[in-house]
Structures are given as structure tokens and as C-alpha cells.
Amino acid sequence: MSLIVHHLNNSRSQRLLWMLEELELPYEIRAYQRDPRTMLAPPELRQVHPLGKSPVLEDGRIKLVETGAICEYLVEKTARLGPGDSGEGLRRYRQFLHYAEGSVMPMLLLMLAMGKVPLMGKIALKRIQPMVDVHLDYIEQELASRPWFAGKAISAADIMMSFPLEAAVSRAGLGSSRPATMAWLKKIHARPAYQRALEKGGEYDYA
């Protein structure tokens, strides 16, 4: 039985498609489109899961939400894209697997929200940007020291970090001043599995 991915266009669920392509697992996409006026997920997703969010992964009777939890489930299921060792690599793997949604994305979502508020939003953005820069500088330092977030090989931690860093290019000024991070983005975008996920996932503005 193939996996089922409930996938929302232009969303964090693109990471799950990429991961499944890296793992070469069979899966079916059930696609949903954002409301073009509000950019919110459609109400149909609430029929899939009470939270009405994407991605949702179905594996037989198992139904999972939260991309990080889904990534951990798939790593356990396949014994692939994990940390590769039980020492420093494991620590970094766990950290960045959760850092993506726990620390980086909340700042970027705040920037997105403030960017839609006239006048006061611009004032708030000037205060938020230095806090975001602390994260981007930290990430740059980490990626300058090794090829992937956990170590020498790609892992689920890289997949989790992809969306916040792609979003940071358009929302938070991530660019050539942080060459290691930009080189990492270029590297993941060139991966055949990433390209296959783009072809299957539909509209995605952040690649």
C-alpha cells in the first residue's frame, strides 16, 4: 500500500514530497489549493484532520501531522536519512530537525504578518530583522563548517531546514552575504529528488 500525502500548494508540505522522493517510497498526492484571497488552506482539509492543516501523511491506518514528526516516522520506517552516527551528528540532527519549526519559522511568520500591517508593521519589521539575523548568522556559521546540517551526509534535518531558509530569501534578506547558506540552498535545489518533488507538487514559489 502506498503512502498518501495531503499536500497544500505553496506550503511546508513540499518538504514531505522531497523526503519521499529521496527515500524512493511510493506515494499518492491528494492536492489542495489555497484560497487566492486569504491564502488560507481550504476547509476540505478539516475532513482529513481536525486541524485542517498540511501536510498530513496516511500510512494505512496511521495518520500523522507535523512535518518534523512525519520525518522522524519515515526515518524510523526506512532507516534512512537519519543522523548517521550516535555522537555529535545525532545531537546536531535532533537540534536542527526541531530548530526549523521551533525557532526559525515563528520569526519568519511574524515578519510575514507584520509586512501586511501598514506603517506600524514597518516599524515592527525593523525591530524583528535583527533577531532574525541572529538566526541566519548562526546557520551560516554552522553550514560553513560542514556540508550538511547533521554532518557529512544529507539527513531529514536538511529537509526540515529547507522551507525556512527558502522563505528567508524572500522574507528576511537571506542572500549573498551568507555564501555557505546560499550554496547549501543551491545544492539541495539541484538534487534530482528535489526536482521530482517540484514536478509532482505543483505551484511552489520558494524554490
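The values are calculated or read from the model by the stated rules, or taken from the named source; none is laboratory data. Predicted, not measured: the structure shown is a model, and the values here were computed from it. Every residue, glycine among them, receives a Cβ derived from its backbone with ideal geometry; neighbour counts consider all protein chains shown. For the accessible areas, the whole protein counts, side chains as well, though only heavy atoms, and no ligand, DNA or RNA atoms are used. Shrake-Rupley method; radii C 1.70, N 1.55, O 1.52, S 1.80 Å.
Quickly estimate the mean residue ellipticity at 222 nm for the chain, helices only: each DSSP H run with n ≥ 4 gives -39500 (n - 2.57), and the total goes over all residues, rounded to 500.
Counting only the DSSP helices, I get -16500 deg cm²/dmol.
Hey, any idea what Rg/Rh is for the stretch 40-96, computing Rh the Kirkwood way over Cα pairs?
1.11
Which number comes out as Rg/Rh for the stretch 1-67 once both Rg and the Kirkwood Rh are worked out on C-alpha atoms?
Rg/Rh: 0.96.
Label the stretch 10-110 by shape, choosing from rounded, prolate and oblate, from the square roots a ≥ b ≥ c of the eigenvalues of the Cα gyration tensor; if a/c is under 1.5 it is rounded, and otherwise prolate applies when a/b is larger than b/c, oblate when it is not.
Oblate, since a/c reaches 1.5 and b/c is not below a/b.
In whole Å, largest first, what are the principal axis extents of the Cα atoms in the stretch 134-207?
Each principal axis gives a Cα extent; for the stretch 134-207 these are 33, 28, 17 Å.
Nearest 20 debye, what's the magnitude of the dipole of the chain about its Cα centre given +1 on Lys and Arg Cβ and -1 on Asp and Glu Cβ?
Here the size comes out at about 460 debye.
Principal axis lengths of the stretch 84-207 from Cα atoms, whole Å, largest first?
That works out to 48, 34, 25 Å along the principal axes.
Looking at the chain, what % of its DSSP beta bridges pair antiparallel, to the nearest 5?
55
Out of Ile139, Gly201, Met111, whose Cα points farthest toward the positive end of the dipole of the chain (charges: +1 Lys, Arg; -1 Asp, Glu; placed on Cβ)?
Farthest towards the positive pole: Met111.
Given a 1.4 angstrom probe, I'd like the percentage of the accessible area of the chain that is carbon and sulfur, rounded to a whole number.
Carbon and sulfur together cover 56 percent of it.
Normalised by the empirical 2.2 N^0.38 Å for globular proteins, what value does the Cα Rg of the chain take?
Rg over 2.2 N^0.38 Å, computed on Cα atoms: 1.02.
Given bins 10 angstrom wide, list per bin the percent of all Cα-Cα distances in the stretch 88-133, short to long.
26, 38, 22, 12, 2
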